[in-house]
Amino acid sequence: MSENAWENLVKKQLKTDDIYSVLKKENLEGIEVKPFYDSVDRPLANLPKIEESTHLVASYHESLQEDVFAFLLDQNVENLEQKTIFVNNTDLAGHISPKEEDQYFSLVDVFDEKKAAVNDQLVKELLAKQFRRNICVDISLHQNAGAAIYQQLGIALAKTKELVELYGAGILNKLIFRIAVGANYFFEMAKLRAFKIVFNQLSKEYGLDEIPYIFAETSLRNKSVSDNENNLIRSTLELASAMIGGADAVFSNNYLVDRSTENSEEISFKQQIVLAYESIINVFEDASNGSYYVEDITRQIAEKSWTFFVEIEEKGGYLELLKQGVIQKKIYDHAVAEQQWVEEGKIKLIGVNLYPKLEIKKSSEELYSEKEIRAVRWAEMFE
């Protein structure tokens, strides 16, 4: 199909000749989005994942033990044979002793963002254990603090390089990346795909050919205390982005932001079950491969992420820039710009700034700090 024929088809489907204003997509990422696509300049190869089928991870409850195969664990539980366990507690990670046949992963971040340091003792303790993936590189905090997508991925690479410099390139296949998936449906698919590209590129710098293990969880940034039902819809879309983008494991944070019940945690897990067993999107290796749009923004995000990573390295590395407050300021600048879009209604939150529109009660200055990376929900401005 020619470009003109494609354009005419889009006009017909949208019932307007003014398709460019309708399809215009502003974003704060600096990603160029076309109104429509009829080709892609550089098609990408299939981007593999490590797990054959995406792990569906639930917070542990005894009532779920028979039906769930992967749990997020905050405290020790006996007799969890033949389960995949993601350990989410520092003390538990330090004391637990998995057997060789167990499927244990550590989700404990070994970086102390406030001290701008790596917890060397914890790293060495975890590396000595029979975990399938011993060391977690957590960038979920950065997403929830308002970092741009390319900033999140650039920081993940920079944190990885810090670990390689301390413990050698052999640590690359021991890493698990904890990534929060936000509301921008196709961008978030592209984020996971782009990370596979840039992580593989980094591994080749050390003579290896590794792909990252990605643990994706739903974001807190776009969730509202006053509108729990919409939180369910938002997090379901985020889970779909993660599965289509090729995550190795997915976890849905509780849709009740300010509290947690056994019922709400069960419902949060069932979001994954519906996607996996009714939509069957957890088994594909790279489901969005071939989409012109996703391919194009994947390439752009990968390039911007690598550029940001190189910029961090040229200025002294992640930990050094944390000490100087540079990383905090870069995240702060993007987060405040994003919050401004929420305030102006460019980013729409149903039940918060649209249907109904709540009154603004807090300013960006009250919510964010230039000196600290901390999670902030958009809706906090109105609560």
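Taking each pair of distinct Cα atoms in region 57-211 once, what is the resulting Kirkwood hydrodynamic radius in Å?
Values: mean 1/r = 0.0603 Å⁻¹.
Here the Kirkwood hydrodynamic radius works out to 16.6 Å.
Put simply, the amide H of A58, placed in the peptide plane, has neighbours under 5 Å in A70, F71, L72, leaving out anything fewer than 5 places away on its chain. Between the beta carbons of I233 and E205, assuming R0 = 41 Å, the FRET efficiency works out to 0.50 to the nearest 0.05.
Reducing region 83-129 and region 150-187 to their Cα centroids gives an inter-centroid distance of 16 Å.
The angle between the Cα long axis of helix 228-245 and the longest principal axis of the Cα atoms of the chain comes to about 80 degrees, rounded to the nearest 10. Charged side chains reduced to their Cβ positions (Lys and Arg at +1, Asp and Glu at -1) give the chain a dipole of some 680 debye around its Cα centre. Computing FRET efficiency as 1/(1 + (r/R0)^6) for N46 and N79, where r is the C-beta to C-beta distance and R0 is 45 Å, gives about 0.70. Expressed as a rounded percentage, what relative contact order does region 236-383 have, with Cα pairs under 8 Å and six or more residues apart? Rounded, it is 15 percent for region 236-383.
Protein heavy-atom surface of region 13-74, 1.4 angstrom probe: 46% of the accessible area is carbon and sulfur, with nucleic acids and ligands not counted. The protection proxy used here, the mean number of other Cβ atoms lying within 10 Å of each residue, ranks peptides 136-146, 68-78 as follows, highest first: 136-146, 68-78.
Once the Cα gyration tensor of region 1-121 is diagonalised, what are the square roots of 5 times its eigenvalues, in whole Å and ordered largest first, as equivalent ellipsoid semi-axes? Kindly include the intermediate steps, with their values, before the conclusion.
Working: eigenvalues 465, 87, 47 Å².
Whole-Å semi-axes of the equivalent ellipsoid: 48, 21, 15.
What percent of all Cα-Cα pairs in region 1-54 falls in each 10 Å bin, counting up from 0? In order of increasing distance, the bins hold 19, 33, 28, 17, 3 percent. The shape of the chain comes out rounded: with a ≥ b ≥ c from the C-alpha gyration tensor, a/c is under 1.5. Sorting T236, T54 on solvent-accessible area from highest to lowest, probe radius 1.4 Å, gives T236, T54. Rolling a 1.4 Å probe across all protein chains gives W6 an accessible area of roughly 80 Å².
Relative protection proxy for 121-130, 186-195, from highest mean packing down: 186-195, 121-130 (other beta-carbon atoms within 10 angstrom). Annotation: extensible slack from I281 through L14 equals 93.3 nm (criterion: 0.36 nm per residue apart, minus Cα-Cα distance).
Per residue, the accessible area of the chain comes to 46 Å², computed with a 1.4 Å probe over protein heavy atoms only. Rg then Dmax, both in Å and based on the Cα atoms of region 316-359: 15.5, 47.
Here the translational diffusion coefficient of region 331-383 follows from Stokes-Einstein with Rh set to the Kirkwood radius across Cα pairs; for 10 °C and 1.306 mPa s it amounts to 141 µm²/s. Computed over protein heavy atoms with a 1.4 angstrom probe, the accessible surface ordering of Y213, Y37, largest first, is Y37, Y213. Full extension of the chain segment joining K315 with E383 gains 20.6 nm, where the gain is 0.36 nm per residue of separation less the Cα-Cα distance.
Could you tell me what % of all Cα pairs in region 202-308 have separations over 18 Å? If you can, show how the numbers build up before the last one.
On the way: 3331 of 5671 pairs.
Tail fraction, whole percent: 59.
Convex hull of alpha carbon positions in region 266-383: directionally averaged projected area 11.1 nm².
Stick to Cα atoms and the Kirkwood definition of Rh, then tell me Rg/Rh for region 194-239.
1.28
The equivalent ellipsoid of region 60-117 has semi-axes of 24, 12, 9 Å, largest first, where each one is the square root of 5 times an eigenvalue of the Cα gyration tensor. Helix 326-344 axis versus longest C-alpha principal axis of the chain: approximately 40°, rounded to the nearest ten.
Nearest 5 is fine: what % of DSSP beta bridges in the chain come out antiparallel, could you say?
Details: 3 of 32 bridges.
Percentage antiparallel, nearest 5: 10.
Distances between placed amide hydrogens fall under 5 Å for E217 paired with I179, A180, V181, F251, all partners being 5 or more residues away or on another chain. Of all aspartates and glutamates in the structure, the ones whose alpha carbon falls short of 19 Å from that of K129, not counting any fewer than 8 places away in one chain, are D74, E78, E81, D91, E100, E101, D102, D109, D120.
So, counting K/R as plus one and D/E as minus one, what does the shell of residues with Cβ under 12 Å around R42 add up to?
-3
Using only alpha-carbon positions in region 137-283, the gyration tensor eigenvalues give semi-axes of 29, 16, 13 Å once each is multiplied by 5 and square-rooted (largest first). When the alpha-carbon atoms of region 157-217 are used, the pair Rg, Dmax equals 12.2, 36 angstrom. Heavy-atom surface analysis with a 1.4 Å probe gives region 128-270 a carbon and sulfur content of 50 percent of its accessible area. Counting only Cα atoms, region 80-146 measures 38, 25, 16 Å along its principal axes, largest extent leading. Here's the picture: charge each Lys and Arg Cβ at +1 and each Asp and Glu Cβ at -1 in the chain, and of L153, N253, I176 the one pushed furthest to the positive end of that dipole is L153.
The values are calculated or read from the model by the stated rules, or taken from the named source; none is laboratory data. Since this is a predicted model, take the numbers as computed values, not measurements. With ideal geometry, Cβ positions are generated from the backbone for all residues, glycine too; neighbour counts draw on all protein chains shown. Each accessible area value is taken on the protein alone, full model and side chains, heavy atoms only, with ligands, DNA and RNA left out. Shrake-Rupley method; radii C 1.70, N 1.55, O 1.52, S 1.80 Å.
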